[in-house]
Amino acid sequence: MEQRVSIVTGGAGGIGGAISRALGARGDHVVLNDLDPAAADATASGIRAEGGTCTVITGDITDDETVAAVTTAAAGISGTIDVLVNNVGDFRPASRDLAHSTPEQWQRLYEVNLRHVIAMTYAVLPHLGPGSAIVNVSTVEAYRGIPASAPYSAFKAGVSAFTKSMAVELGPRGVRVNAIAPDLTDTAQTSSAAMLRGRDEELVPLWLPLGRFAEAEDHAGVVDFLTSDAARFVTGHTIPVDGGTLAASGWFRRHDGKGWTNMPDRP
Ligand SMILES: NC(=O)c1ccc[n+]([C@@H]2O[C@H](COP(=O)([O-])OP(=O)(O)OC[C@H]3O[C@@H](n4cnc5c(N)ncnc54)[C@H](O)[C@@H]3O)[C@@H](O)[C@H]2O)c1
């Protein structure tokens with residue numbers, strides 16, 4: 001089988017970093033895009049040290065020039081693009097609630113969470129062949145409300161809706177489109193240290209049915225599966241990778257009256 005060419009946006013760190021390493025380890029040529037040149041080079045070096053191949057394209061994926069550079073680099077390797085992982089996303093810039101947010105924040109949240117997913121998908125369309133797979137990174141908050149981040153959840157719900165529509169559009173070409181919905185993952189964006197600040201770590205098993213926060217690798221395994229032949233009849237779905245939180249979840253008013261929490265720490 002020919003070596004797959006796989007794009008990962010935000011592929012240097014966090015969930016994207018784990019996805020880049022997993023796809024590199026399975027033998028793909030990873031086209032790794034990231035804002036952070038040092039982190040991108042470190043992840044690429046790690047992939048190469050394990051015998052893999054990797055091309056780094058540094059740049060902000062919300063810029064159309066970066067979208068074009070990533071697509072040109074990937075298409076130039078063998079002519080086809082086999083995998084696109086649209087991983088970049090962020091709940092920031094955040095605000096206390098919608099009343100304290102600004103139109104500038106909504107615009108940035110749109111650019112960081114939804115627009116580039118559409119732009120990257122549009123750009124790679126001519127290079128996708130039968131067997132190609134797209135995986136978008138959504139969030140459990142596409143399904144569950146998240147106070148103080150309503151625009152973020154709206155745009156991520158947009159990612160999951162876009163996933164469904166593209167699966168229908170591209171199905172006849174043999175291209176599959178799926179998404180994952182992470183929750184509570186220990187990354188720079190949502191470090192477990194920050195999530196636990198002022199809270200009792202012993203309560204973690206009470207908050208998540210599987211009893212721990214997610215690691216980036218938990219998501220990489222599902223993305224690896226979704227791009228593989230084992231998932232050849234799976235398309236149009238967003239797979240929660242959440243340790244059971246959607247099954248069990250709820251937001252609760254904080255005991256001190258200061259906002260909301262999904263990790264209650266008092267009766
Ligand atoms: N961490 C969580 O608990 C969690 C939960 C739900 C959904 N998600 C989603 O998972 C995805 C990855 O999150 P993470 O926690 O790994 O994030 P992170 O901030 O820890 O890592 C993001 C990576 O993308 C890079 N990046 C950021 N903005 C970029 C841009 N504009 N262009 C190119 N590269 C950029 C960063 O340099 C970094 O390497 C996001 O879409 C996020 O919304 C994360």
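Quick notes on this one:
- When every residue of the range 162-179 is checked against the conditions, none turns out to be in contact with a Pro (Cβ under 9 Å, 6 or more places away or on another chain) and more than 21 Å from ARG4 (Cβ to Cβ).
- Inter-residue pairs, beta-carbon under 6 Å, first in a loop (DSSP other than H, G, I, E, B) and modelled with pLDDT of 95 or more and in the range 175-199, second near the ligand (Cβ under 9 Å from one of its atoms) and among the β-branched types (Val, Ile, Thr), 6+ apart: ASP183/VAL140
- Residue, farthest from the ligand (Cβ to nearest atom), within the range 168-182, restricted to residues that are of a type in the set (A, V, I, L, M) and closer than 21 Å to GLY221 by Cα: VAL175
- Meets criteria (within 16 Å of the ligand (Cβ to nearest atom), out of contact with any strand residue (DSSP E or B) (no Cβ under 6 Å at 6 or more places or on another chain) and part of a loop (DSSP other than H, G, I, E, B)) for MET263: yes
- Test: residue in the range 241-252 that is among the aromatic types (Phe, Trp, Tyr) and within 30 Å of ASP28 (Cα to Cα): no
- In the set (1) surrounded by 15 or more Cβ atoms within 10 Å (Cβ to Cβ); (2) within 12 Å of the ligand (Cβ to nearest atom); (3) more than 15 Å from the chain's Cα centre (by Cα); (4) of a type in the set (Gly, Ala, Ser), the condition left unmet by SER191 is number (1).
- Considering only residues in the range 70-105 that are of a type in the set (Ser, Thr, Tyr) and within 30 Å of SER228 (Cα to Cα), the one that is nearest to the chain's Cα centre (by Cα) turns out to be THR71.
- Some residue of the range 75-90 being without any contact (Cβ under 8 Å) to a residue 60 or more places away in the chain, within 16 Å of the ligand (Cβ to nearest atom) and assigned to a helix (DSSP H, G or I): no
- PRO93 being assigned to a loop (DSSP other than H, G, I, E, B) and of a type outside the set (Gly, Ala, Ser): yes
The values are calculated or read from the model by the stated rules, or taken from the named source; none is laboratory data. Note that the structure is predicted; figures quoted are calculated from it, not measured. Please note: Cβ atoms are built from the backbone with ideal geometry, for glycine as well, and neighbour counts cover all protein chains shown.
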